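J.: If you scroll down you'll find the structure; I have some questions about it.
The values are calculated or read from the model by the stated rules, or taken from the named source; none is laboratory data. Keep in mind the model is a prediction, meaning the values are calculated, not measured. Cβ placement follows ideal geometry from the backbone for every residue including glycine, while neighbour counts extend to all protein chains displayed. Accessible surface areas use protein heavy atoms only, side chains included; no ligands, DNA or RNA. Shrake-Rupley method; radii C 1.70, N 1.55, O 1.52, S 1.80 Å.
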Amino acid sequence: MSRAYDLVKADPNRVIIFDTTLRDGEQSPGCSMNLEEKLKMAVMLDELGVDVIEAGFPIASPGDFESVSEIAKIVKNATVCGLSRAREADITAAGEAIKAAESKRIHTFISTSPLHMKYKLKMGENSVIEAIHESVTLARNFTDDVEWSAEDGSRTEDDFLCQVVETAINAGARVINIPDTVGYAIPEEYGRQIKMLFDRVPNIDQAIISTHCHNDLGLAVANSIAGVQNGARQIECTINGIGERAGNAALEEIVMALRTRQDLLPYTNKIETTKITRTSRTLSTITGFSVQPNKAIVGANAFAHASGIHQDGMLKNAQTYEIMTPESVGLNESKLVMAKHSGRAAFRSKLAELGFVLEDDALNDAFARFKNLADRKKEIFEDDLLALVEDEVVRKNAVLQFVSLQVVAGTSGPQTAELTLKVEGEQKFSKVEGNGPVDAIFKAIRAIYPHPEGRLKLYQVHAVTGGTDAQAEVTVRLEEEDKTVNGQGADADTLVASARAYVNALNKLLIKRTSLNPQTGVEKGAI
Ligand code: KIV
Ligand code: ZN
């Protein structure tokens, strides 16, 4: 049976949180992730408590197939889902990719709106109905948990929508998804459409109805909630609202709306809201896609109170201007964990608590960098430690190693970088002028290790924790042919963090070139 269906039958107010960050989110421009990054996000989503992780679209590429099947092996609690069109090869690939998961789902879809059927599919209503019956029946050979989506559902005529939903349920679909694919619906209209299905489809009680709303008009979250108020019990969403075009409904906004307005929205889910901030930040770091400062729940200003009147009210009673606490989304959760005098044993055990078990050499290296950071920064927070040890595996297989950097910056110029790197153990030096210090640093790296095919696609800086002594975290994205990598570098000095980030990205690119798996460091097929 379908785990989600059983949960909703047992508790009619239970809302299934279906996360599609790794599928709809990842397919949007600039959000692509490599295998290692997808695995990291999958673990975080599982820990966050999402019910379903849509891990990818297995037929899309060998890389997608591999990431879905690797995610299926490591996810402990969530159902792992693979997407497929209504085609035999797609469904077979999805079925194969999710095989190892403890709880698995195939999500198959076809367009049902007149516009899509005429221009995109070039199929009539009868052929679409036949394709639905065949695809769902085939998918049921791989798993009992089959979701069927009516792509462009919100622009589908009521009569036909009822017909296709009934067909999909008869063929064995246990979740029926009604996407607002182009973000066109408004809440009242979308809610009415969901209610109409409950009123008219005779076998509707044999499935859960799901929402999947895009944000083209900024209404994705409102539409999703309208769907739930009218009987839907699954919401498809993404962290930070990433996704095609203007994105999908943002998971953090939906979950906090349900939690904050329990008076009007008495629905339950099992998201651990204190893990929201961390998950959001990790996604931003991995993709280099930053969150706008005024973004609800996870924006830098979401809990900041600037005006005097608001600050005064906050001091008297936080509820005057805060409808939810920063702690409830894990904002002030980054605990003070270590300081300058902390020893190696404490460092090792803190890392283990954070999920990093490092071998001796890697631990020594990370500890040396921790001491270095602690010399310059009074308090080390969990997030500082996470930034510090990230990519330890890549470092282990690194061709290039950052050694030292001196920079001339400021108005008198010329801005110059004196950089020393180790290339396969051999120390190399370069002194290069640039159009600004960052340009000089990146040119110096290129002078030491030429890589004319690698193009810089993104350079982004943000502070990991607050204060002027905050650790800067830099993301550098490099692209070469079909390979895209994001490198991260963290340091109290932004320019050193920039050099580290570039070197980290270049190491990842070189690992990809030699087809080494960045997770394990062992030879494998093309990533
Ligand atoms: O937006 C959409 O219609 C989709 C489907 C594949 C569910 O992403
Ligand atoms: Zn979508």
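J.: Which part of the stretch 216-258 falls in the paramagnetic zone of Asn203, meaning amide N under 14 Å from the point 7 Å along Cα-to-beta-carbon?
T.: Flagged as within label range: none.
J.: Diagonalise the Cα gyration tensor of the chain and give the resulting equivalent ellipsoid semi-axes, square root of 5 times each eigenvalue, largest first, whole Å.
T.: 43, 27, 21
J.: Kirkwood hydrodynamic radius for the stretch 397-515: how many Å is it when counted over pairs of different Cα atoms?
T.: It is 14.4 Å.
J.: Could you check how much of the accessible area of the stretch 3-287 is carbon and sulfur, as a whole percent, using a 1.4 Å probe?
T.: 51 percent
J.: Suppose all protein chains stay in the model; what accessible area per residue would a 1.4 Å probe give for the stretch 14-71, in Å²?
T.: 23 Å²
J.: Also, I was wondering about something else. Once Rh is set to the Kirkwood radius over Cα pairs, what Stokes-Einstein translational diffusion coefficient, in µm²/s, holds for the stretch 458-506 at a temperature of 25 °C and a viscosity of 0.890 mPa s?
T.: Estimated diffusion coefficient is 230 µm²/s.
J.: How much space per residue, in cubic angstrom, does the convex hull of the C-alpha atoms of the stretch 1-53 take up?
T.: 92 Å³
J.: Related question: What is the percent carbon and sulfur in the accessible area of the stretch 429-517, measuring with a 1.4 Å probe over the protein chains and ignoring ligands?
T.: Answer for the stretch 429-517: carbon and sulfur cover 49 percent of the accessible area.
J.: His341 versus Asp263, label points 7 Å from Cα toward the beta carbon: distance in nm?
T.: Here the modelled spin labels are 5.1 nm apart.
J.: With the contact rule set at Cα under 8 Å and sequence spacing of 6 or more, what percent relative contact order holds for the chain?
T.: Worked out over the chain, it gives 10 percent.
J.: Compute the distance from the alpha-carbon center of the stretch 144-163 to that of the stretch 1-66, in whole Å.
T.: What the calculation gives is 21 Å, centre to centre.
J.: What base-10 log of the normalised intensity I(q)/I(0) is obtained for the stretch 3-287 from the Debye formula, alpha carbons as equal point scatterers, at q = 0.07, 0.09 Å⁻¹?
T.: Treating every Cα as an identical point scatterer, log10 I(q)/I(0) equals -0.21, -0.36.
J.: Right, another one. Taking a probe of 1.4 Å, how large is the accessible area per residue of the stretch 112-184, in Å²?
T.: Averaged over the residues of the stretch 112-184, the accessible area is 40 Å².
J.: Thr137 to Asp6: FRET efficiency via 1/(1 + (r/R0)^6), r the Cβ-Cβ distance, R0 25 Å, to the nearest 0.05?
T.: According to the calculation, E is roughly 0.70.
J.: Using only the Cα atoms of the stretch 208-256, what semi-axes does the equivalent ellipsoid have when each is the square root of 5 times a gyration tensor eigenvalue? Give whole Å, largest first.
T.: 17, 10, 9
J.: Then there is this: If Lys and Arg each add +1 and Asp and Glu each add -1, what is the summed charge of the other residues whose beta carbon sits under 10 Å from the beta carbon of Ala173?
T.: Here the charged neighbours net out to 0.
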